[in-house]
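Novice: Okay, handing you the structure first.
The values are calculated or read from the model by the stated rules, or taken from the named source; none is laboratory data. A quick note: this is a predicted structure, and the numbers were derived from the prediction, not measured. Ideal geometry is used to build each Cβ from the backbone, glycine not excepted, and the neighbour counts take in all protein chains shown. Side chains are part of the model used for accessible areas, which takes the heavy atoms of the whole protein and leaves out ligands, DNA and RNA. Shrake-Rupley method; radii C 1.70, N 1.55, O 1.52, S 1.80 Å.
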Amino acid sequence: VKIMIQSHSKNRNDSILNDEQIMFIKSLKIPSVLHVSCADKYDDKQIDTSGDKWIYFISGCKESIDFTRLPYHMRHLVKYTFYLYSQMNSPTKLCSKFSAIYLFLNRPLEGEFNYKYLSKNLEKVSNTTTFYICFYFLKTLCKVGLPGFKESDLDKLYLMPKPKDDNWLIYQNADLIIDGAVKNIIIRGLWQIASKLDKSVEFSTQELKN
């Protein structure tokens, strides 16, 4: 009986995924090394992401994230989203963010792991930090097109009311930051324009729009 209970507990989160979602998750590739672009001289410049436990030093603290708390396929999905998150944001306090995601994923039942259900749950989250990491999680699932989550859902997600927190101050719109890849494209475009302006090259209105 004890073995059966442990097995049920271990697979609970995977049971909310359908076969199509599991096949999609299997196709997601996670590089074995994460390069921390914002690392200080005393921080770890790289994080070994090949295992199910990430251990590293950042901002003078040791971070330890145990993804084995989640079952296999859900674990891989969360690791994938955290890898993308850490490419654009500091991996500081990622352990507490994982705990928030872990609790968020304990609510859905079978057939409920989709945008409609999870977005309704997100609307009930009042803690600012929890809200924004779960917001990022849903945003990523929509962007990559996990079955049950569509890119068109992003329009509704961005319009979702945000928690009111006086302590959040200037970071209240942190979910609206421009992705690093997009910023690089903008910078390259500006440099190309600047170099042509130096040569007195004229631009059409359409070129400037592009």
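Novice: May I ask you to give the average projected area over all directions of the convex hull of the Cα atoms of the stretch 67-112, in nm² rounded to one decimal?
Specialist: Value for the stretch 67-112: 3.4 nm².
Novice: Also: Using just the alpha carbons, could you tell me how many Å³ per residue the convex hull of the chain encloses?
Specialist: Each residue corresponds to 179 Å³ of Cα convex hull volume.
Novice: While we're here: In percent, how large is the relative contact order of the chain, given Cα pairs closer than 8 Å and 6 or more residues apart?
Specialist: 17
Novice: When the helix-only estimate is applied to the chain (DSSP H runs of n ≥ 4, each -39,500 (n - 2.57), divided by the residue count), what is the mean residue ellipticity at 222 nm, nearest 500 deg cm²/dmol?
Specialist: -14500 deg cm²/dmol
Novice: Work through the residues other than residue 116 whose Cβ is under 12 Å from its Cβ and net out their charges, Lys, Arg +1 and Asp, Glu -1.
Specialist: Summing Lys and Arg as +1 and Asp and Glu as -1 gives 0.
Novice: For residue 186, what accessible area in Å² do you get when you roll a 1.4 Å probe over the heavy atoms of the protein chains, rounding to the nearest 10?
Specialist: Ignoring ligands and nucleic acids, residue 186 comes out at about 80 Å².
Novice: Using a probe of 1.4 angstrom, how much of the accessible area of the stretch 30-174 is carbon and sulfur, in percent?
Specialist: Whole-percent figure for carbon plus sulfur exposure: 51.
Novice: Keeping all protein chains in place, calculate the accessible area per residue for the chain (probe 1.4 angstrom), answer in Å².
Specialist: 64
Novice: Turning to a different aspect of this structure: Mind running the shape call on the stretch 75-151? Use the C-alpha gyration tensor, a ≥ b ≥ c as the square roots of the eigenvalues: rounded below 1.5 for a/c, prolate if a/b tops b/c, oblate otherwise.
Specialist: oblate
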